[in-house]
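For reference, the structure discussed in these notes is given below.
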Amino acid sequence: MVAFDDNGKIDILGLLPDELESEILKLGEKKFRAGQIFDWLHVKRVSSFDEMTNLSVQLRNLLNEKFCLKSLFVSKKLESHTDNTVKYLYELEDGNHVESVIMEYNYGNTICVSTQVGCKMGCRFCASTIAGFKRDLTSSEILGQIYASERDSGRKISGVVLMGIGEPMDNFDNVVNFLEVLSCPKGFNMSLRHVSVSTCGIVPRIYELAEKKLGITLSISLHACRYYFKVTGRRISFEYALIDGHNDSMEDARELAELLGGFVCHVNIIPVNKIKERNYHSDRKSANRFRGYLEKLGINATVRRTLGADIDAACGQLRREYEI
Ligand code: SAH
């Protein structure tokens, strides 16, 4: 996607190979230069045009003039003592902050990335929304979280979940562009089978996403959408944030089972993490009990592992701490 920064420069990390090619041709350069630049950006991961040493100084100067290559700065890094979870607070070039979390599973490292600075959705239990919404992230800022986290941690990322700060379906074009760039065979080459997009249920955007047939897993926080399964044939995972005394009873399980009846799905129960602005809590025991209720009702369910609870690794918690 061709997007410009405040100085009228093209955000180069958001360009797909053919888009980069046409921009490079416009500069009067040969086509193969675009391939070299794409490789510097997405495979070698340089942080400036001057590091692209197989290009002439003249071309590097031209790139500096026409394009911008934005970086993210590690403002804070927290490492869990109980598992290998690492949480980053990143500062963006305009001084805003977002969070990313690397979680280790037996099949590899998964990163949770943010898609917006703040959030408009207003979920009561979520820290990301408390201070409201500031702006969308560009696709390069979403991608930048992965590149910066791999660089800092030295760990290879093999899965991505869009479950950090923000509502991905409220930043649709940037999120789709991010997924397209991320999965480029000549770039990061991420299989979109290993990517989950989480949404609180912006239904028109779910229809649009289905049409893109990207092969990602759609994780729905609480809401249902049969169309997605019909079009893509992919089982939907429902993320159910469990709060003691609010939605953890047998009656709640029955209502949920009724809503999901006949649906090819899976419920992932998330014991809600405490945020200090709200008095909601839950633990593994109540989550397992709720899972038992659902299973009795024929609904496939798991309890999400609580990784990084000792480092405030839930949506927006670190940014809240930092900005107060
Ligand atoms: N806006 C998107 C993605 C961000 S939230 C969405 O709603 O899906 C990602 C997940 O984190 C959601 O499933 C949400 O229910 C969960 N979440 C938010 N705050 C939480 C908290 N305090 N404890 C546990 N899970 C939380």
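The values are calculated or read from the model by the stated rules, or taken from the named source; none is laboratory data. Worth saying up front: this structure is predicted, and the values here are computed from it rather than measured. Don't worry about glycine lacking a Cβ; one is built from the backbone with ideal geometry, like all the others, and counts go over all protein chains shown. Please note that ligands, DNA and RNA were not included when accessible areas were found on the heavy atoms of the full protein model with its side chains. Shrake-Rupley method; radii C 1.70, N 1.55, O 1.52, S 1.80 Å.
At a Förster distance of 22 Å, what's the computed FRET efficiency of residue 2 paired with residue 93, Cβ-Cβ distance as r, to 0.05?
0.70
Could you pull out every residue, at least 5 positions away or on a different chain, whose amide H is within less than 5 Å of the one on residue 135? Hs are placed 1.01 Å off N in the peptide plane, and Pro or chain starts have none.
Those lying under 5 Å, H to H, from residue 135 are 117.
So how do 169, 1, 103 rank on accessible area, 1.4 Å probe, biggest first, that is with the largest at the start?
Ranked list, largest accessible area first: 1, 103, 169.
Using heavy-atom solvent-accessible surface (probe 1.4 Å) with all chains present, what is the largest-first order of 281, 246, 266, 42?
Result of the area sort, largest leading: 246, 281, 266, 42.
Stretched out fully, how many nm does the piece from residue 65 to residue 235 gain, at 0.36 nm a residue minus the Cα gap?
Contour length minus the Cα-Cα distance gives 56.6 nm.
What is the distance, in nm, between label points placed 7 Å from the Cα along the Cα-to-Cβ direction at residue 104 and at residue 54?
3.5
Rounded, prolate or oblate: pick one for region 1-157, where a ≥ b ≥ c are the square roots of the eigenvalues of its C-alpha gyration tensor, a/c under 1.5 means rounded, and failing that, prolate if a/b is larger than b/c, else oblate.
Prolate, since a/c reaches 1.5 and a/b exceeds b/c.
Give the accessible surface of region 1-145 per residue, rounded to a whole number of Å², with probe radius 1.4 Å and ligands, DNA and RNA excluded.
Result: 46 Å² per residue.
Would you calculate the separation in nanometres between label points at residue 278 and residue 46, each defined as 7 Å from the Cα along the Cα-to-beta-carbon direction?
Label-label distance for residue 278 and residue 46, simple model: 4.6 nm.
Just check region 166-287 against the gyration tensor rule for me: Cα atoms, a ≥ b ≥ c as the square roots of the eigenvalues, rounded for a/c under 1.5, and otherwise prolate or oblate depending on whether a/b exceeds b/c.
prolate
Indicate the gyration tensor shape class of the chain (rounded, prolate or oblate), computed on the Cα atoms with a ≥ b ≥ c the square roots of the eigenvalues: a/c under 1.5 is rounded; otherwise a/b larger than b/c is prolate and the rest oblate.
Prolate, since a/c reaches 1.5 and a/b exceeds b/c.
With every protein chain present, what is the per residue accessible area of region 209-289 (1.4 Å probe, Å²)?
Result: 52 Å² of accessible area for each residue.
Among DSSP beta bridges whose residues both lie in the chain, state the antiparallel percentage, nearest 5.
Around 45 percent of the beta bridges assigned by DSSP in the chain are antiparallel ones.
Quick one: which residues, 5 or more positions from residue 160 or on another chain, have an amide H under 5 Å from its amide H? H modelled 1.01 Å from N in the peptide plane, none for Pro or chain starts.
Amide H neighbours of residue 160: 111, 195, 196.
Please sort by residue number the trypsin sites (Lys or Arg not before Pro) in region 77-132 whose DSSP state is loop and whose Cβ has at most 16 other Cβ atoms within 10 Å.
Those satisfying the criteria are 120, 124.
How far, in degrees from 0 to 90, does helix 284-296 lean away from the longest principal axis of the Cα atoms of the chain, to the nearest 10?
Relative to the chain, helix 284-296 is tipped by roughly 70 degrees.
How many percent of the accessible area of region 132-252 is carbon or sulfur, using a 1.4 Å probe?
Of all accessible area on region 132-252, carbon and sulfur atoms account for 50 percent.
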